[in-house]
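Notes to accompany the following structure.
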Amino acid sequence: MNFADRLIEKITNTSHIVVGIDPNFNLMPTFLIPEPDNSIAITNALFNFSKIVIDSSYDLIPAVKFQSAYFEQFGTLGITALSKSIEYAKNKNILVILDAKRGDIGSTSLAYAKAYLEGKTTLKNGLTITSDMTVDCMTINPFLGEDSLQPFVESAINFNKGIFILVKTSNPGFKLIQDRVFDGKNISQYLAELVNNYSKDSLGKNGYSSIGAVVGATFPSEGNNLRKLMPNAIILAPGVGSQGGTIENFLINFGREIKGVIIPISRAITYTSDLTISLEKYQTIIRKNVENFVSNLEQMKNAEK
C-alpha cells in the first residue's frame, strides 16, 4: 500500500491533526530537564519527551512529525534519541514524518533517501548496511532542481514511502524567493506544477499520490489556488498554532474537501506555561490540546455544510 493510502486510512480512523515533536528544553516541564554534563540523561530526556507526547496522543492522530534539527543540535546524543523516538512511534502503529527538508546534488540526495526512506545501503561487495533512521515520509527542499528531487521521488515510489516537497512555506520570509514572478507565475506555482507532474506516477486507490507538498496554513488567499494545481498531492499544512495560523484559515485554504490534507501542530500542543506540573498533569494537558484541535476542526467543517 502506498504512503498516501496508508495515511488516508489513518486519517479516516483518527483525525487530520499531526502532532509535531520539537524538543526544546527551555519550554519543557522541569521534571524533564537533564542534569548538567550528563550525556545519558540528555538522550533520555529527549526520548522521554517524545515518549510522553506519543503516549498522550497516538490514538487520536494519524502520524507524528519529528523536527530533526531539535535533535541534531545535541549531536550524537540527539540523533540517538531521535532514532529511539522513531522506533517508539512505529511501535505505536502511527506513521512517522521526518521534517528534515533535505535536498542536495543527486548523489547526496540518494544517500539521504537511503538513510530515511529505503533504510539500507548495499555495497559493491554485497554487504547491506541498514539505517535506524528510516521513516514513512520526509520533507524535501526542491531548490536544487529536478536532479536533487529524483532520488527521493524514486525511493518514495519504490519503497511505498512519501515525501512532502516545499511549495509554500509558513515562515515570514517566504516572499524573498517563493513569491518571485516569472512569465506570469510565482515560484510556488511552478513548484506546485512540478509536484503535480511527479504525483501522476504514484496514485493510490484513493486518488492521492505519495509525492506531496508543504503548503502553509497561514496563507488563505493562495493555498486553495495551489491545491488546484496539484489535486492529487497529499498536503502538509503547517503554521496552525504558534506560527499564527488558525483552523479557520486552514478551512479557507482548502475548504471542506480536506481528505488529502494533514495539519501538523507542535508547540501549541506539547508545551504549557506551567513548567512545574507533574508528569500526569502534563500528559493530560497534551491529550486535551489534541482533542481540542480535533474537535474544533470537526465543528468548523460541519458548520460550513
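Odds and ends about this structure:
- Answer residue from segment 186-229, given it is touching a strand residue (DSSP E or B) at 6+ places or on another chain (Cβ under 8 Å) and among the polar types (S, T, N, Q) and is modelled with the lowest pLDDT among those: Thr218
- Whichever residue in segment 159-174 is modelled with pLDDT under 95 and farther than 18 Å from Ala213 by Cβ and, among such residues, is least open to solvent (accessible area, probe 1.4 Å): Gly173
- Residue list for segment 125-146, filter: more than 22 Å from the chain's Cα centre (by Cα) and among the small types (Gly, Ala, Ser): Gly126
- Qualifying residue in segment 66-77 (condition: of a type in the set (Val, Ile, Thr), surrounded by fewer than 18 Cβ atoms within 10 Å (Cβ to Cβ) and either farther than 24 Å from Phe164 by Cβ or modelled with pLDDT under 95 (or both)): yes
- Among residues of segment 132-181 being of a type in the set (S, T, N, Q) and either in a helix (DSSP H, G or I) or in contact with a strand residue (DSSP E or B) (Cβ under 6 Å, 6 or more places away or on another chain) (or both), the one that is farthest from Gly223 (Cα to Cα) is Asn158.
- Selection status of Lys90, in contact with a strand residue (DSSP E or B) (Cβ under 9 Å, 6 or more places away or on another chain), at pLDDT 95 or above and open to solvent by 10 Å² or more (accessible area, probe 1.4 Å): yes
- Residue check: Pro62 meets all listed conditions (1) open to solvent by 10 Å² or more (accessible area, probe 1.4 Å); (2) touching a Ser or Thr at 6+ places or on another chain (Cβ under 6 Å) but one, namely (1).
- Filter pass, Ile177 being of a type in the set (Val, Ile, Thr), more than 20 Å from Val135 (Cβ to Cβ) and modelled with pLDDT under 95: yes
- Only listed residue being open to solvent by 50 Å² or more (accessible area, probe 1.4 Å), β-branched (Val, Ile, Thr) and on the phi < 0 side of the Ramachandran plot, chosen from Thr108, Thr130, Thr139, Thr134: Thr130
Residues are listed down the side, and each one gets a yes or a no for (1) in contact (Cβ under 8 Å) with a residue 40 or more places away in the chain; (2) acidic (Asp, Glu); (3) closer than 24 Å to Ile235 by Cα:
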residue: Pro62; (1), (2), (3): yes, no, yes
residue: Glu72; (1), (2), (3): no, yes, no
residue: Leu77; (1), (2), (3): no, no, no
residue: Thr80; (1), (2), (3): no, no, no
residue: Glu87; (1), (2), (3): yes, yes, no
residue: Lys101; (1), (2), (3): yes, no, yes
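- Segment 1-44, residues that are aromatic (Phe, Trp, Tyr) and either touching a Lys or Arg at 6+ places or on another chain (Cβ under 7 Å) or crowded, with 21+ Cβ neighbours inside 10 Å (or both): Phe3
The values are calculated or read from the model by the stated rules, or taken from the named source; none is laboratory data. Values in this document were obtained by computation on a predicted structure and should not be read as measured data. Virtual Cβ from ideal backbone geometry, glycine too; neighbours counted across all protein chains shown. Accessible surface areas use protein heavy atoms only, side chains included; no ligands, DNA or RNA. Shrake-Rupley method; radii C 1.70, N 1.55, O 1.52, S 1.80 Å.
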